[in-house]
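Here's the structure, in structure tokens; my notes come after.
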Amino acid sequence: MDIKIKENLKKIFGFNQFRGNQEAIVDNILQGNNTFVIMPTGAGKSLCYQLPAVTKEGTAIVISPLIALMKNQVDQLNAFGINAHFLNSTLSKTETNRVKKEVLSGATKLLYVAPESLTKEENVAFLKSAQISFVAIDEAHCISEWGHDFRPEYRKIKSIIGQIGEDLPIIALTATATPKVQQDIQRNLNMEAADLFKSSFNRTNLFYEVRPKAKSDTKKHLIKYVKSQKGKSGIIYCLSRKKVEEIAELLKVNGVNAVPYHAGLESAMRIKNQDDFLNEEVDVVVATIAFGMGIDKPDVRYVIHYDVPKSLEGYYQETGRAGRDGLEGHCLMFYKYEDIVKLEKFNKDKPVNERENAKVLLQEMAAYAESSVCRRRVLLHYFGESLNEDCGFCDNCKKKRDAFDAKDEVLTAIEA
Ligand code: ADP
Ligand code: MG
């Protein structure tokens with residue numbers, strides 16, 4: 001590998017070494033190859049395209065689904081002294097023109113574009129006239145209906161890239177590792193021949209647990225658990241905005257420093273609650289799944305699912321926000337089958353094929369929750385990985401061990 005790359009890693013990004021597959025991925029992109037990256041959340045996917053973008057001539061286009069994240073990333077890059085911009089619907093005409101001028105001058109190393117903006121004809125024409133180094137498609141699972149965050153506009157990306165430049169290298173990145181989604185992405189982007197870099201999804205520092213959700217005392221259990229974690233950061237996911245408000249209030253009256261977060265809150269309030277959580281002004285965020293994408297708080301010690309998620313994929317993503325610092329994280333889900341039935345009812349207005357997909361995902365979720373097999377085994381199997389032995393660090397493994405210990409004690413007592 002080029003010494004300059006290592007130098008840039010340190011000089012520009014301040015990192016001493018690459019993590020996992022990063023170096024091989026950067027190298028592959030620099031060679032101009034199509035690249036498909038599957039890495040868990042928090043593993044460091046951004047660097048995989050940011051570093052080559054800085055090194056290569058021209059501007060790299062980064063397609064990213066969330067406008068809020070885009071600004072965040074661009075601000076971070078600017079803070080590193082990298083010339084980066086974004087193009088989306090929040091920009092005024094003047095600002096847009098300024099960005100375009102920068103890109104055409106060749107100064108911009110990364111241009112973040114929302115898929116909605118990418119598909120606009122005037123932008124396609126503009127990008128055609130710019131010198132583009134490669135295209136990175138972040139959160140590439142948005143292409144797949146099997147993903148947890150399907151975006152129809154993502155399906156148009158491939159044909160637009162074709163219009164911008166014939167042989168533009170593409171790098172697709174996602175944290176969604178199910179074989180179904182992976183195939184969908186590759187087929188849709190015509191990237192079957194791309195070099196695949198997939199890292200393990202095993203989060204060894206996370207303890208997985210499922211508790212039955214009994215009508216009468218689940219709230220009591222929840223309060224007790226959260227109070228026992230005082231001073232630690234935690235996220236509690238609920239299905240509906242109403243439930244979020246209710247649980248946040250319940251925790252507050254019980255002396256827990258908690259705030260709600262959902263898309264129905266006024267944006268100033270949403271931002272404040274998120275910031276208060278990040279700055280440790282509050283311990284707990286009670287949230288819908290609107291919370292968390294791209295949030296990088298390293299010391300979240302627990303993630304609770306008060307309601308069952310819609311898929312194992314979503315469950316993995318949401319629980320994955322615990323223990324980013326590598327220290328222990330507790331993933332606790334309260335489960336009852338009625339919640340699955342309730343979610344199935346929500347799906348009834350969807351088009352037939354979407355409804356069928358959603359149903360399969362839910363049944364897989366239920367199977368996980370009801371299983372007595374090592375949780376990590378089930379989860380990893382879902383992502384196409386296998387574990388040689390039970391993990392020893394989930395509720396099912398612990399139960400087995402406790403039963404074994406109890407038997408052992410009885411035997412010792414009899415022998416004695
Ligand atoms: P992902 O997109 O895979 O979820 P990010 O790209 O947001 O992950 O990176 C997660 C965190 O890891 C960020 O805080 C980033 O600065 C950090 N990071 C990435 N690469 C490295 C590295 N080589 N050394 C140290 N920290 C890194
Ligand atoms: Mg990312």
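The values are calculated or read from the model by the stated rules, or taken from the named source; none is laboratory data. Here the structure is a predicted model, which means the values were calculated and not measured. Glycine also receives a Cβ, built like all others from the backbone with ideal geometry; neighbour counts cover every protein chain displayed.
Within the range 284-303, how many residues turn out to be closer than 28 Å to residue 180 by Cβ and of a type outside the set (Gly, Ala, Ser)? So that I can check it myself, show each step before the final result.
Within the range 284-303, the subset closer than 28 Å to residue 180 by Cβ is 287-296, 303.
Filter once more, keeping what is of a type outside the set (Gly, Ala, Ser): 288-289, 291, 293, 295-296, 303.
The number of residues fulfilling the criteria is 7.
Residue-level analysis places residue 354 outside the set of residues that are of a type outside the set (Ser, Thr, Tyr), within 16 Å of ligand 2 (Cβ to nearest atom), outside any strand (DSSP E or B) and surrounded by 13 or more Cβ atoms within 10 Å (Cβ to Cβ).
Within the range 397-410, identify whether any single residue is crowded, with 19+ Cβ neighbours inside 10 Å and at pLDDT below 95, and answer yes or no.
In the first step, residues of the range 397-410 are kept if they are crowded, with 19+ Cβ neighbours inside 10 Å; the result is 397.
Now narrow it down to the ones that are at pLDDT below 95: none.
The answer is no, given that none of the residues of the range 397-410 is crowded, with 19+ Cβ neighbours inside 10 Å and at pLDDT below 95.
All of 265, 250 fail the test of being in a loop (DSSP other than H, G, I, E, B) and more than 20 Å from residue 369 (Cα to Cα), apart from 265.
Among the residues making up the range 61-78, a single one is away from ligand 2 (no atom under 15 Å from the Cβ) and crowded, with 18+ Cβ neighbours inside 10 Å: 61.
Considering 25, 12, which residue is within 16 Å of ligand 2 (Cβ to nearest atom), aliphatic (A, V, I, L, M) and more than 18 Å from the chain's Cα centre (by Cα)? Working first, answer last.
On the way: 12 fails: within 16 Å of ligand 2 (Cβ to nearest atom).
Only one candidate qualifies: 25.
Being of a type outside the set (A, V, I, L, M), free of Cβ contacts under 8 Å to residues at least 12 places away in the same chain and either surrounded by fewer than 21 Cβ atoms within 10 Å (Cβ to Cβ) or within 16 Å of ligand 2 (Cβ to nearest atom) (or both): is that true of residue 41 here? No: the conditions fail for residue 41. Of the residues screened, residue 137 is not one that is away from ligand 2 (no atom under 16 Å from the Cβ) and modelled with pLDDT of 95 or more. Applying a threshold of 8 Å to beta carbon distances and a minimum spacing of six or more residues, or different chains, the list of pairs starting in the range 384-396 at a residue that is without any contact (Cβ under 8 Å) to a residue 24 or more places away in the chain and ending at one that is assigned to a helix (DSSP H, G or I) and among the hydrophobic types (A, V, I, L, M, F, W, C) reads 386/380; 390/397. Selection of the range 204-223 for residues being touching a residue at least 24 places away in the same chain (Cβ under 8 Å) and either within 16 Å of ligand 2 (Cβ to nearest atom) or within 20 Å of residue 339 (Cα to Cα) (or both) yields 208, 209, 210, 211, 212, 213, 214, 218, 219, 221, 222.
For the range 55-70, the criterion of a residue being in a helix (DSSP H, G or I), charged (D, E, K, R) and either over 19 Å from residue 199 (Cα atoms) or within 16 Å of ligand 1 (Cβ to nearest atom) (or both) is satisfied by no position. Contact map, the range 86-102: first residue within 15 Å of residue 116 (Cα to Cα), second residue at pLDDT below 95 and charged (D, E, K, R), Cβ cut-off under 9 Å, separation 6 or more or different chains; pairs are 86/71; 88/71; 88/116; 89/116; 90/71. Any idea which of (1) outside any loop (DSSP other than H, G, I, E, B); (2) of a type in the set (S, T, N, Q); (3) surrounded by fewer than 19 Cβ atoms within 10 Å (Cβ to Cβ) is the one residue 273 doesn't satisfy? Single failed check for residue 273: (3). A search for C-beta distances below 8 Å between a residue of the range 349-366 that is farther than 14 Å from residue 180 by Cα and any residue that is among the charged types (D, E, K, R) and buried (at least 19 other Cβ atoms within 10 Å of the Cβ), counting only pairs 6+ apart in sequence or on different chains, returns 362/310; 365/310.
This table checks each residue for (1) farther than 20 Å from residue 33 by Cα; (2) aliphatic (A, V, I, L, M).
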| site | (1), (2) |
| --- | --- |
| 123 | yes, no |
| 131 | no, no |
| 136 | no, yes |
| 142 | yes, no |
| 148 | yes, no |
| 152 | yes, no |
| 156 | yes, no |
| 163 | no, no |
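Do we find a residue being without any contact (Cβ under 8 Å) to a residue 24 or more places away in the chain, farther than 28 Å from residue 318 by Cβ and in contact with a helix residue (DSSP H, G or I) (Cβ under 9 Å, 6 or more places away or on another chain) anywhere in the range 164-187? Before you say what the answer is, go through the steps one by one.
In the first step, residues of the range 164-187 are kept if they are without any contact (Cβ under 8 Å) to a residue 24 or more places away in the chain; the result is 166-167, 183, 187.
Remaining after also requiring farther than 28 Å from residue 318 by Cβ: 166-167.
Applying the additional criterion that residues be in contact with a helix residue (DSSP H, G or I) (Cβ under 9 Å, 6 or more places away or on another chain) yields none.
Checking the range 164-187: not a single residue is without any contact (Cβ under 8 Å) to a residue 24 or more places away in the chain, farther than 28 Å from residue 318 by Cβ and in contact with a helix residue (DSSP H, G or I) (Cβ under 9 Å, 6 or more places away or on another chain).
A single member of 41, 59, 35 is in contact with a Gly (Cβ under 8 Å, 6 or more places away or on another chain) and at pLDDT 95 or above, and it is 59.
With the condition kept exactly as written, say whether any residue in the range 309-330 is aliphatic (A, V, I, L, M) and touching a strand residue (DSSP E or B) at 6+ places or on another chain (Cβ under 9 Å). Yes - at least one qualifying residue is present in the range 309-330. For the range 11-25, the set of residues classified as within 10 Å of ligand 1 (Cβ to nearest atom) and not aromatic (Phe, Trp, Tyr) consists of 14, 16, 17, 19, 20, 22, 23, listed by residue number.
For the range 279-300, the condition of being more than 20 Å from the chain's Cα centre (by Cα), touching a residue at least 40 places away in the same chain (Cβ under 8 Å), in a strand (DSSP E or B) and farther than 21 Å from residue 343 by Cβ holds for none of the residues.
Residue count for the range 282-304, restricted to those that are surrounded by fewer than 23 Cβ atoms within 10 Å (Cβ to Cβ) and either over 20 Å from residue 69 (Cα atoms) or among the charged types (D, E, K, R) (or both): 6.
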